[in-house]
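The values are calculated or read from the model by the stated rules, or taken from the named source; none is laboratory data. Quantities reported herein were computed from a predicted structural model and do not represent experimental measurements. No Cβ is skipped: glycine too gets one built from the backbone with ideal geometry, and neighbour counts run over all protein chains shown.
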Amino acid sequence: MPGKVDLLLVNPGNTRKKVYQDLSKSFSAIEPPFWAALTAGFIREKGYNVDILDANACNLSHEETVEKIKNINPRLVDIVACGQQPSASTQLMTEVGNLVSEIKKQKINLRIILNGPHPSALPKRTMLEEECDFVGEGEGFYTLLGLLENKELSKIPGLWYRKNGEILSNPRAELIKDLASELKDVAWDLLPMGRYLAHNWHCLDDLKSRNRYAALYTTLGCPYDCSFCCIQAPFKARSYREFSPEWVLKQIDSLVKNHDVKNIKFIDELFVLNPKHFMPIAEGLIERDYGVNIWAYARIDTVKEEHLEKLKKAGFNWLALGIESGNDGVRKSVHKGRFDQINIHDVVKKIRNAGINVIGNYMFGLPEDDLGTMQQTLSLAQELNCEFANFYSVMAYPGSRLYNEAVEKGLKLPSSWIGYSQHSYECQPLPTNKISAKEVLEFRDYAFNEYYKNPDYLNMIEKKFGIEARKNILEMTNHKLKRKLLGN
């Protein structure tokens, strides 16, 4: 970019291998840092010169990243600890800290701020643990703007800073009410769009198209209150706000026309919620007829049969459902029991009858789980036989009520932030009220193999997507995760 760069947003590298182990080679996604692009658009709109360095997508080491930062020499560096789901922020913090240390080790005279769900959840601890100059608590837009405007530090909303050796903080900025009018621009042009990669399952019918990929929010927050979720960390209280359908369609126009994107992920914690929001988006996509391949999150109790035909026609080929547990009591114990009167099998059948594939999300190790209830969850997953399934072990993510409860009870938490990654070697789930963390993790990895090596599942995949898709799934199962907790 011409002229002095005022703000450089950095997506840290050196993370994929540690987060996903060997799955990072060809199965996990390489996600565009949407929050960085959204922030860049906001700051650029205010007249500042902005750039993004996606060290993750460019596969840069911390040393290589620092060299690029030195060459750019911005007024302010924002290292964005923000993954494509709220919990992913925490697992990035190990390498965020390592990158900050590398910058400081080289004695570069730069101001560094850390932003994202994890720093917002634990701002003081982040200031104590990391060598950063500032932490931005909250959404971060007006915190960064205040620093660039050289405001007095005590007047910048959401800012944590040091003065005379003391850590000080200011109240958060108010949440942005009209998202589309204040966050007009997404700086897709500052991202290396050709380097991003969709999940393997997202493109089972066309695995060669995975590099034509992007991800974006159409809403921020979630109206629900699941105890294991940390989505509200940047927003403080339970909140849910929508970008206008026109704004969303404008972003998709740009992605398709300017960047040849075919595969799109809507990152929203819950996209299929308000028909007045998601149906105009679907109708706009039908009019455009781009032929995009979209996946988004829904809930068992928000999916309505009358919407499915249009969603499919618009390009929604995958819906992810938070089924979580096969046991009603276990599900209710984490405030996920509102759909106990709804037949999960019927909902999944209706979605698939509309030609939409289903991703079932399941959790092992919820507080009331034991080996029997976890087997119920696996059995339900196999009965539903969804086109893809995510098996998670329960973590106490900072920003969730489960984290606060775990701290109060003195439960063992991961010794490093990378231990919050579901697929990492250091993965350390919570124990339940009935079984150990080791038993939870052992069952999670067992369930993964039982599901994906099941002949009924593999035959369904081959029939639906072809022999190459079946081979891809089998190859995925050959990458056995190493687990410190399990002694391998």
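Could you pull out every one of the helices (runs of 4 or more DSSP H) wholly within the stretch 393-488 that has 3 or more residues that are modelled with pLDDT of 95 or more?
Details: elements: 401-409, 437-452, 455-465, 467-477.
Per the criteria, 437-452, 455-465, 467-477.
If you check TYR240, TYR290, which single one turns out to be surrounded by fewer than 22 Cβ atoms within 10 Å (Cβ to Cβ) and either touching a Ser or Thr at 6+ places or on another chain (Cβ under 7 Å) or basic (Lys, Arg) (or both)? Spell out the reasoning first.
Working: TYR290 fails: either touching a Ser or Thr at 6+ places or on another chain (Cβ under 7 Å) or basic (Lys, Arg) (or both).
Among TYR240, TYR290, only TYR240 is surrounded by fewer than 22 Cβ atoms within 10 Å (Cβ to Cβ) and either touching a Ser or Thr at 6+ places or on another chain (Cβ under 7 Å) or basic (Lys, Arg) (or both).
Run down GLU246, GLU269 and say which single residue is under 21 Å from ALA215 (Cα atoms) and surrounded by fewer than 15 Cβ atoms within 10 Å (Cβ to Cβ). Give the steps one after another, and end with the answer.
Working: GLU269 fails: surrounded by fewer than 15 Cβ atoms within 10 Å (Cβ to Cβ).
Residue meeting the stated conditions: GLU246.
Among the listed residues PRO414, PRO431, which satisfies the condition of being in contact (Cβ under 8 Å) with a residue 24 or more places away in the chain and more than 14 Å from LYS480 (Cβ to Cβ)? Explain how you work it out, then say what you get.
Values: PRO414 fails: in contact (Cβ under 8 Å) with a residue 24 or more places away in the chain.
Result: PRO431 is the single residue among PRO414, PRO431 that is in contact (Cβ under 8 Å) with a residue 24 or more places away in the chain and more than 14 Å from LYS480 (Cβ to Cβ).
Only one residue in LEU144, LEU175, LEU92, LEU153 is closer than 29 Å to THR219 by Cβ, modelled with pLDDT of 95 or more and either β-branched (Val, Ile, Thr) or surrounded by 14 or more Cβ atoms within 10 Å (Cβ to Cβ) (or both). Which one? Before the answer, list the steps.
On the way: LEU175 fails: modelled with pLDDT of 95 or more; LEU92 fails: modelled with pLDDT of 95 or more; LEU153 fails: closer than 29 Å to THR219 by Cβ.
Only one candidate qualifies: LEU144.
Take the residues in the stretch 328-375 that are in a helix (DSSP H, G or I) and among the acidic types (Asp, Glu), then tell me which one is modelled with the lowest pLDDT. Explain how you work it out, then say what you get.
Of the stretch 328-375, the ones in a helix (DSSP H, G or I) are 328-332, 344-353, 371-375.
If we keep only those that are among the acidic types (Asp, Glu) as well, we get 328, 346.
Working: ASP328: 86, ASP346: 95.
Ranking the candidates gives ASP328 first.
From the list ILE156, ILE167, ILE113, which one is over 30 Å from ASN71 (Cβ atoms) and touching a Leu at 6+ places or on another chain (Cβ under 9 Å)? Reasoning before the result, please.
Values: ILE156 fails: over 30 Å from ASN71 (Cβ atoms); ILE113 fails: over 30 Å from ASN71 (Cβ atoms).
Result of the check over ILE156, ILE167, ILE113: ILE167.
Return the residues of the stretch 117-139 that are within 17 Å of SER416 (Cβ to Cβ), in contact (Cβ under 8 Å) with a residue 60 or more places away in the chain and not aliphatic (A, V, I, L, M); say none if nothing qualifies. Walk me through it before giving the result.
Here is the first cut: in the stretch 117-139, the ones within 17 Å of SER416 (Cβ to Cβ) are 118-119, 121-122, 125-126, 128-131.
Applying the additional criterion that residues be in contact (Cβ under 8 Å) with a residue 60 or more places away in the chain yields 118, 121-122.
Residue satisfying the conditions is HIS118 alone.
As an exercise: evaluate CYS58 against (1) under 24 Å from the mean Cα position of the chain (by Cα); (2) free of Cβ contacts under 8 Å to residues at least 12 places away in the same chain and give the number of the one condition it does not meet.
It is condition (2) that CYS58 fails.
All but one of (1) touching a Lys or Arg at 6+ places or on another chain (Cβ under 7 Å); (2) surrounded by 22 or more Cβ atoms within 10 Å (Cβ to Cβ); (3) closer than 30 Å to GLY13 by Cβ hold for ILE418, so report the exception by its number.
Unmet condition: (2).
Can you pull out the residues in the stretch 340-393 that are touching a residue at least 60 places away in the same chain (Cβ under 8 Å), surrounded by fewer than 18 Cβ atoms within 10 Å (Cβ to Cβ) and in contact with a helix residue (DSSP H, G or I) (Cβ under 6 Å, 6 or more places away or on another chain)?
If the condition is that a residue be touching a residue at least 60 places away in the same chain (Cβ under 8 Å), surrounded by fewer than 18 Cβ atoms within 10 Å (Cβ to Cβ) and in contact with a helix residue (DSSP H, G or I) (Cβ under 6 Å, 6 or more places away or on another chain), then GLU368 is the only one that fits.
Please state which one of LEU378, LEU384 is more than 16 Å from GLY365 (Cβ to Cβ) and in contact with a strand residue (DSSP E or B) (Cβ under 8 Å, 6 or more places away or on another chain). Give the steps one after another, and end with the answer.
Numbers: LEU378 fails: more than 16 Å from GLY365 (Cβ to Cβ).
Unique residue meeting the criteria: LEU384.
Report yes if ASP268 is at pLDDT below 95, closer than 23 Å to LEU204 by Cβ and either among the polar types (S, T, N, Q) or assigned by TED's automatic domain parsing to the domain that holds ALA396 (or both), otherwise no. Step through it out loud before you land on a result.
Values: at pLDDT below 95: yes; closer than 23 Å to LEU204 by Cβ: yes; either among the polar types (S, T, N, Q) or assigned by TED's automatic domain parsing to the domain that holds ALA396 (or both): yes.
Spelling it out, ASP268 is indeed at pLDDT below 95, closer than 23 Å to LEU204 by Cβ and either among the polar types (S, T, N, Q) or assigned by TED's automatic domain parsing to the domain that holds ALA396 (or both).
Would a scan of the stretch 411-428 turn up a residue that is acidic (Asp, Glu) and either farther than 28 Å from ILE294 by Cα or under 25 Å from the mean Cα position of the chain (by Cα) (or both)? Explain how you work it out, then say what you get.
Within the stretch 411-428, the first condition is being acidic (Asp, Glu), and the residues that meet it are 426.
Filter again for either farther than 28 Å from ILE294 by Cα or under 25 Å from the mean Cα position of the chain (by Cα) (or both), leaving 426.
Yes.
Does at least one position in the stretch 17-36 carry a residue that is modelled with pLDDT of 95 or more and of a type in the set (D, E, K, R)?
Checked against the condition, which is being modelled with pLDDT of 95 or more and of a type in the set (D, E, K, R), the stretch 17-36 yields no hits at all.
Grab the strands (runs of 3 or more DSSP E) fully contained in the stretch 178-265, keeping just those with 3 or more residues being under 15 Å from LEU38 (Cβ atoms) and touching a residue at least 12 places away in the same chain (Cβ under 8 Å). Write out each step before concluding.
Working: elements: 213-216, 219-221, 240-242.
By residue number, 213-216, 219-221.
Say whether the condition of being among the hydrophobic types (A, V, I, L, M, F, W, C), closer than 18 Å to HIS118 by Cα and under 16 Å from the mean Cα position of the chain (by Cα) is met by at least one residue in the stretch 175-182.
No, that holds for no residue.
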